[in-house]
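Heads up, the thing below is written out as structure tokens.
The values are calculated or read from the model by the stated rules, or taken from the named source; none is laboratory data. Values in this document were obtained by computation on a predicted structure and should not be read as measured data. FYI the Cβ positions are ideal-geometry reconstructions off the backbone, even for glycines, and counts take in every protein chain you see.
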Amino acid sequence: MPTRNITIIGSLNTDLITRTSRVPAAGETLITSSYDTGCGGKGANQAVACARLSREKGSEVKEAGCTINMIGAVGDDMFGRDLINGLVSNGIDVDGVRVKDGEKSGVAVIIVEEESGENRILMSPNANYALRPSDFKSLPDPLPDLIILQLEIPLITVLHILKLAREKNVEVLLNPAPAVKLPQEAYSAVNHLIVNETEASIITSTTGQNNSWALWGEHIQRLIDLGVRHVLVTLGAEGVIYLDTGIQRVLQAPGEKVTVIDSTGAGDTFVGAYAGMLAKSGRGSRDFTCMMELVDFANRAAAKTVQKGGVQSAIPWRNEVSLENT
Ligand code: ADP
């Protein structure tokens, strides 16, 4: 099998994580039960998920069947160096990570509410927002087999990369988070769209949970009509729904029954697991059964993540996810 390349273009952030029994009310100060720092950013998290979920823990990078490249920006500071080292330790190529003079590295302040496992996040993009279209005169050479994008870098840069990808017919997975509505033509460059319920509501202008699944299906169909081939809506504990151009109904893979410790990063693990399997399967050789196996694997991998604290540290390796059906 040829070695495939996945290139992730996106954010790198240092996570500052506090755990509390409950979220403080306005004007209230609460003592946290713990504090930790970690490497994060949706781009970097998804790169780590791709790297770990395409090979077994302790195996050689060359055994993975795919190489993972990260493109992004950090500041010339200690956080930035740690972020780069974190990626390298997972076997990710970081030649595309630029160090931006005069910028600070991105930071995310994460509050985890212990009772529910829910999280709230405040993000300071810093160097991530210094990644401009001029940083991308062209796509990397040789062309990647799959490009993964999120929206934690400037939208203008994402739209520019989508345009380049469309021109070169490179397969693209977009995880539009944090969600904003994109210009309609942007969707025609997106082969795989992965959104959670909130993101789905925003980009389809629906009120989300108040709608029936049939109505969800109708709105998702609109994305497909714009040119997206595969649409996946992740539903937290409820699993994921999936639609592609070939089927006329919403299919649901139910969530795994697990005990939640911290749901931060579940969506990023889902994206990385799906992408790693996708790149290996090879474009053009995927039938519907193959796609459902990818969705099922990603669903099980993401359920592993919520059973551990932390973000990147909670992302499982391939051999830690049961491999039935894959
Ligand atoms: P995000 O992290 O982007 O908000 P979700 O909360 O929808 O995304 O979670 C992404 C995926 O992680 C889900 O589709 C599911 O596979 C898995 N997941 C999340 N929460 C749980 C849970 N409580 N139990 C089992 N699986 C979960």
Count - residues of the stretch 281-322 that are closer than 18 Å to Ala51 by Cα, charged (D, E, K, R) and surrounded by fewer than 19 Cβ atoms within 10 Å (Cβ to Cβ): 1
Boolean, Ile147 is buried (at least 21 other Cβ atoms within 10 Å of the Cβ) and β-branched (Val, Ile, Thr): yes
Cβ pairs under 8 Å, 6+ apart, first in the stretch 17-44 and farther than 26 Å from Ser105 by Cα, second surrounded by fewer than 11 Cβ atoms within 10 Å (Cβ to Cβ) and among the acidic types (Asp, Glu): Ser21/Glu115; Arg22/Glu115
Neighbours by Cβ (under 6 Å, 6+ apart or cross-chain): first from the stretch 259-280, aromatic (Phe, Trp, Tyr); second near the ligand (Cβ under 9 Å from one of its atoms): Phe270/Thr234; Phe270/Ala298; Phe270/Ala302; Tyr274/Ala298
Enumeration of residues in the stretch 236-252 that are surrounded by 20 or more Cβ atoms within 10 Å (Cβ to Cβ) and among the hydrophobic types (A, V, I, L, M, F, W, C): Val240, Ile241, Leu243
Restricting the stretch 254-271 to residues that are more than 8 Å from the ligand (Cβ to nearest atom) and in contact with a strand residue (DSSP E or B) (Cβ under 8 Å, 6 or more places away or on another chain), the residue that is farthest from Arg222 (Cα to Cα): Asp262
Positions within the stretch 66-83 being more than 18 Å from the chain's Cα centre (by Cα), surrounded by fewer than 23 Cβ atoms within 10 Å (Cβ to Cβ) and of a type in the set (Val, Ile, Thr), in sequence order: none
Test result for Gly106, under 24 Å from Thr18 (Cβ atoms) and touching a helix residue (DSSP H, G or I) at 6+ places or on another chain (Cβ under 7 Å): yes
Yes/no for Asp95 being closer than 27 Å to Tyr274 by Cβ and in a loop (DSSP other than H, G, I, E, B): no
Residues of the stretch 168-191 satisfying the condition of being within 21 Å of Ile202 (Cα to Cα), in a helix (DSSP H, G or I) and charged (D, E, K, R): Glu185
Total residues in the stretch 276-326, condition farther than 15 Å from Ser263 by Cβ, within 12 Å of the ligand (Cβ to nearest atom) and in a loop (DSSP other than H, G, I, E, B): 1
Which listed residue, of Thr37, Thr7, Thr20, is in contact with a Leu (Cβ under 9 Å, 6 or more places away or on another chain) and within 24 Å of Pro176 (Cβ to Cβ): Thr7
Residue match in the stretch 111-132 (condition: assigned to a loop (DSSP other than H, G, I, E, B), on the phi > 0 side of the Ramachandran plot, modelled with pLDDT of 95 or more and not basic (Lys, Arg)): no
Strands (runs of 3 or more DSSP E) fully within the stretch 8-81 counting 3 or more residues that are at pLDDT 95 or above and β-branched (Val, Ile, Thr): 66-75
Considering residues of the stretch 144-167 that are assigned to a loop (DSSP other than H, G, I, E, B) and without any contact (Cβ under 8 Å) to a residue 40 or more places away in the chain only, the residue nearest to Gly65 (Cα to Cα): Leu151
